[in-house]
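Undergrad: Below are the structure tokens for one structure; questions will follow.
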Amino acid sequence: MPSSHRQPLPWRRLAADPRHFQIAVLGGLLVYGMTALDFGLSWERIAVTIGTALGTQRLAERLRPGQSSIDLRSPLISSLSLCLILRTGSLWVAALASVLAIGSKYVIRRRGKHVFNPANFGIAVVTLTTSQAWVSPGQWGSVALLGFALAGLGGLVVYRAARSDVSYAFLGSYASFLLARAAWLGDPWQIPLHQLANGALLLFAFFMVSDPKTTPNARTGRLVHGALIAAVALIFRFHFHEPDGLLWSLLLVSPLVPVWDAVFGGALYQWGSPRTGNNRPGGGRAESRRVASRLSSAPGPAAPRPFGPLPSGLRPSENSAVKGTAMTRKRHFIATTTLGLGLSLLANSASAFCGFYVAKADAQLFNDASQVVLVRDDDRTVITMASDYQGEPEEFALVVPVPTVLQEGQIHVTEQSILDHLDAYTSPRLVEYFDSDPCMERKRGLLGFADGAGAPAPTAQMELEEDLGVTIEAKYTVGEYDILILSAEESGGLETWLRQNGYRIPDGAGPVLGSYIKQGMKFFVAKVNLGEKDLLGIQNLRPIQVAFESPKFMLPLRLGTVNSRGTQEMFVYALTRTGRVESVNYRTVRLPSDLEIPEYIEEDFGGFYRAMFDEQWNKEGRNVVFLEYAWDMGWCDPCAADPLSSAQLRELGAYWVTGNESDGGRGRGFAPPQGPQNVFVTRLHVRYDGKTFPEDLVFRETGDRGNYQGRYVLRHPFSGRADCPAAREYFRELKHRQQREAETLASLTGWELADILRDMDLPNSDPGDEDGPWWKTMWR
């Protein structure tokens, strides 16, 4: 067959349409998220999301007059994006998001283009209208390999779709704003670099901002569009403290695309078409006119294909254009690879359950551990702070940034026993089972499973030093503490004032204080009033509580990392009406759970848990937040402690709780106690320092009310005499089970398998083993 009549190879035909790249990349990211990042997605939810999107597209196309064919590639891209970004535990919410996403393309249109990115529109509507949908940007983490892969693959996709310019404009503007903000605040560069090296940001830049059907037609319009999205996103994030600022920014700016098209012109993008002239330098109205002129006069194709054989009869000038296109592709590939490498370098590297509760792993297992209780409801926040401070009371000092000036009634002192109760209730636990006689003829089964030391207080009353720019906004005595609420104009003055008034501030705290000052934060300062302490008969310092309203849902860690001796432990107990709490700017990872481990661990469960946490902390890169417990406060199974009473929960700040004042729930196991309802508790465990956690922790409530607990299982073998075929089979399987338990323990803790097998002290043979010496079972 003459070369002029050859058909392009199948892979070349696939490469001509960038949607095939998008489908492949998004599908790969979905598999990666499910297998490596613990997204918690079920195959059922994925099937509902994709199936509903494809069905909605088919229905909408059939309703269009004169429509003969149905293309399902675009709805597949939108549904994969929904799977990657939207989180929900309800199938109907997933289906509704798909219907809204695909339906918006047909209902909200202007001049042949749909106004909103479909996935973005679907996510925005369901998160606004339901309490069962949310976004988890922190779950992508800031792993260098992930950042490089997303940048490289995403850059390839947007280049094939001729929209790389809008992605780079967005990323360049976003990075510039973050770096400028850090310079203004005096923050270390690690903070904006950590904020940039985030998989969710790259996913948004390369797969949502760059949607060819919702971006301006002309290059100039796209550059303006990308920069504006970045600016609005940062306003949402840092002014309104909205963790989903990227999504809301795209939703808000998208209706301006017709304006950019009217101002800058450009040709309408068509899927699978060659790159039009408006994507080249000098694009816009003049270039679109040149493209239209060539299309009307040229007998052949308007432009060479990015891939595939050249059309016959190309003139030398056209062949040169093809070479130019190839060189352009190479330049884009180099630029994309460079961007990806740069971003990668920025990154720091239940079913019901019966059994016996044995032991718990509580906060006291860890040295230098502080405890914080966060109660969150809309913008209302109550923080209870308990430190592990040990020393003379007069040496105690506490300085905490707070978003507003607190009145005296917003400060409270509570009892440590309530936090101890909450700690015991949420602690990871060990449960045990006893194998029954394998020869018994019955159905057997096992159900599955910053504070710092301060100088002595001065005797003279603290005086305001006006030239230092420090203002005492309020002064209270609450319980055994003297409380000051300070504001300051600059960090040096505040640091000097604190030192002059008896507070020993860690070296290097000045820049951190300055950053908080420029963010409009006030400072909650507390020290012990020895007279009140003696009068109250207080032996140990009690936790301090503050209540306020603010859109900020965060914990300031940075002061605690200044000049610290090393890593510190913090346990965060979050109480909400809605569901589980997770970190927005760090990955939230579930600790391995529901695993069978050897019997001898019962003797030192605390040692096992510390070793297991150390191993998982190292495996996850030392910069994640670990989830140890998530459960409705009304019941537990198995219970490490009774649920907290209504009175205790209100004391912690859950003001909406009413009803029973007695201890909530006396029972353990299946029967739900008559304790308070509508309180969901999340226990998070953070090991942090200034290097691995450069910025403060930011949280969000989710609609996830699924139960989870760190739970480890002992199964005691049957130790009596048994002589039957079932017993022989049981003892043969027991050997394999104990080997699996040893391997599980080695994987969890990093201990040597040989040492574990030695400590298990397993017998050489077992009762009922037909291959053992005949005399082994004679006198059993």
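The values are calculated or read from the model by the stated rules, or taken from the named source; none is laboratory data. Given the structure is predicted, the values throughout are model-derived calculations rather than measurements. Don't worry about glycine lacking a Cβ; one is built from the backbone with ideal geometry, like all the others, and counts go over all protein chains shown. Heavy atoms of the whole protein, side chains included, go into the accessibility calculation; ligands, DNA and RNA do not. Shrake-Rupley method; radii C 1.70, N 1.55, O 1.52, S 1.80 Å.
Results for (1) farther than 28 Å from Gly89 by Cβ; (2) in contact with a strand residue (DSSP E or B) (Cβ under 9 Å, 6 or more places away or on another chain); (3) surrounded by fewer than 20 Cβ atoms within 10 Å (Cβ to Cβ), shown as yes or no for each residue.
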| residue | (1), (2), (3) |
| --- | --- |
| Leu684 | no, yes, no |
| Arg687 | yes, yes, no |
| Val698 | no, yes, yes |
| Asn707 | no, yes, yes |
| Arg711 | no, yes, no |
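Undergrad: Cβ-Cβ under 6 Å, sequence separation 6+ or interchain: first residue in the stretch 512-526 and over 15 Å from Phe548 (Cβ atoms), partner assigned to a loop (DSSP other than H, G, I, E, B). Which pairs?
TA: That search, which allows pairs on different chains as well, returns Val512/Val562; Gly514/Gly186; Ser515/Gly186; Ser515/Asp187.
Undergrad: Could you please find all residues in the stretch 716-751 being of a type in the set (Ser, Thr, Tyr) and either buried (at least 17 other Cβ atoms within 10 Å of the Cβ) or in contact with a helix residue (DSSP H, G or I) (Cβ under 6 Å, 6 or more places away or on another chain) (or both)?
TA: Those that are of a type in the set (Ser, Thr, Tyr) and either buried (at least 17 other Cβ atoms within 10 Å of the Cβ) or in contact with a helix residue (DSSP H, G or I) (Cβ under 6 Å, 6 or more places away or on another chain) (or both): Tyr730, Thr744, Thr749.
Undergrad: Next question, about the same structure. As an exercise: evaluate Asp211 against (1) surrounded by 20 or more Cβ atoms within 10 Å (Cβ to Cβ); (2) in a helix (DSSP H, G or I); (3) of a type outside the set (S, T, N, Q) and give the number of the one condition it does not meet.
TA: (2)
Undergrad: Next question, about the same structure. Return yes when Glu599 is out of contact with any Asp or Glu (no Cβ under 8 Å at 6 or more places or on another chain), among the charged types (D, E, K, R), under 29 Å from Gln568 (Cβ atoms) and at pLDDT 90 or above and no when it is not.
TA: no
Undergrad: Another question, then. Can you pull out every residue in the stretch 79-89 that is open to solvent by 10 Å² or more (accessible area, probe 1.4 Å) and out of contact with any Leu (no Cβ under 9 Å at 6 or more places or on another chain)?
TA: Thr88, Gly89
Undergrad: Since Leu41 meets every condition but one in (1) assigned to a helix (DSSP H, G or I); (2) open to solvent by less than 50 Å² (accessible area, probe 1.4 Å); (3) modelled with pLDDT under 85, which condition does it not meet?
TA: With (1) assigned to a helix (DSSP H, G or I); (2) open to solvent by less than 50 Å² (accessible area, probe 1.4 Å); (3) modelled with pLDDT under 85 applied to Leu41, the lone miss is (1).
Undergrad: Moving on to the next point. Please determine, by comparing only the residues of the stretch 6-22 that are open to solvent by 40 Å² or more (accessible area, probe 1.4 Å) and aliphatic (A, V, I, L, M), which one is modelled with the highest pLDDT.
TA: So the residue we want is Leu14.
Undergrad: Next up: Quick check on my filter: what residues within the stretch 81-129 are assigned to a loop (DSSP other than H, G, I, E, B) and either among the aromatic types (Phe, Trp, Tyr) or under 17 Å from Pro243 (Cβ atoms) (or both)?
TA: Selection gives Phe116 alone.
Undergrad: When you scan the stretch 539-618 for strands (runs of 3 or more DSSP E) that lie fully inside it, which ones turn up with 1 or more residues that are over 18 Å from the mean Cα position of the chain (by Cα) and of a type in the set (S, T, N, Q)?
TA: Of the strands (runs of 3 or more DSSP E) lying wholly inside the stretch 539-618, those with at least 1 residues that are over 18 Å from the mean Cα position of the chain (by Cα) and of a type in the set (S, T, N, Q) span 544-549, 568-576.
Undergrad: If you don't mind, there's one more thing I want to ask. Report, by residue number, each residue of the stretch 417-432 that is under 27 Å from the mean Cα position of the chain (by Cα) and either of a type in the set (D, E, K, R) or at positive phi (or both).
TA: Asp423, Arg429
Undergrad: Next question, about the same structure. Within the stretch 374-388, which residues are under 22 Å from Ile538 (Cα atoms) and crowded, with 17+ Cβ neighbours inside 10 Å?
TA: Ile383, Thr384, Met385, Ala386, Ser387
Undergrad: Among Ala671, Ala727, which is assigned to a helix (DSSP H, G or I), hydrophobic (A, V, I, L, M, F, W, C) and modelled with pLDDT under 90?
TA: The unique qualifying residue is Ala727.
Undergrad: Same structure again: Anything in the stretch 588-607 that is over 12 Å from Val431 (Cβ atoms) and either open to solvent by 30 Å² or more (accessible area, probe 1.4 Å) or not aliphatic (A, V, I, L, M) (or both)? List them, or say none.
TA: Thr588, Arg590, Pro592, Pro598, Glu599, Tyr600, Glu603, Asp604, Gly606, Gly607
Undergrad: If you take the residues in the stretch 619-652 that are within 27 Å of the chain's Cα centre (by Cα) and open to solvent by 10 Å² or more (accessible area, probe 1.4 Å), which one is farthest from Thr588 (Cα to Cα)?
TA: Ranking the candidates gives Trp635 first.
Undergrad: Can you tell me which residue in the stretch 513-530 is farthest from the chain's Cα centre (by Cα), limited to those that are of a type in the set (Val, Ile, Thr) and over 19 Å from His241 (Cβ atoms)?
TA: Applying the filter and picking the extreme gives Val528.
Undergrad: While we're looking at this one, here's another question. Out of Val525, Val562, Val512, report the one residue that is open to solvent by less than 30 Å² (accessible area, probe 1.4 Å) and in contact with a Lys or Arg (Cβ under 6 Å, 6 or more places away or on another chain).
TA: After applying the criteria, what remains is Val512.
Undergrad: Where residues in the stretch 183-208 are within 19 Å of the chain's Cα centre (by Cα) and in a loop (DSSP other than H, G, I, E, B), which of them is nearest to Pro255 (Cα to Cα)?
TA: Only one residue fits best here, namely Asn198.
Undergrad: So which residues in the stretch 643-657 are part of a loop (DSSP other than H, G, I, E, B) and out of contact with any helix residue (DSSP H, G or I) (no Cβ under 8 Å at 6 or more places or on another chain), if there are any at all?
TA: Those that are part of a loop (DSSP other than H, G, I, E, B) and out of contact with any helix residue (DSSP H, G or I) (no Cβ under 8 Å at 6 or more places or on another chain): Ser645, Gly653, Ala654, Tyr655, Trp656.
Undergrad: Determine which single condition Glu582 fails, assuming it passes every other condition in (1) surrounded by fewer than 20 Cβ atoms within 10 Å (Cβ to Cβ); (2) under 30 Å from Thr88 (Cα atoms); (3) touching a helix residue (DSSP H, G or I) at 6+ places or on another chain (Cβ under 9 Å).
TA: (1)
Undergrad: Suppose we keep only residues that are closer than 30 Å to Glu599 by Cβ and of a type in the set (Asp, Glu) within the stretch 395-434. Which one would you say is surrounded by the most Cβ atoms within 10 Å (Cβ to Cβ)?
TA: Of everything passing the filter in the stretch 395-434, Asp423 is surrounded by the most Cβ atoms within 10 Å (Cβ to Cβ).
Undergrad: So, of the residues in the stretch 522-556 that are in contact with a helix residue (DSSP H, G or I) (Cβ under 7 Å, 6 or more places away or on another chain) and β-branched (Val, Ile, Thr), which turns out to be nearest to Val405 (Cα to Cα)?
TA: Val546
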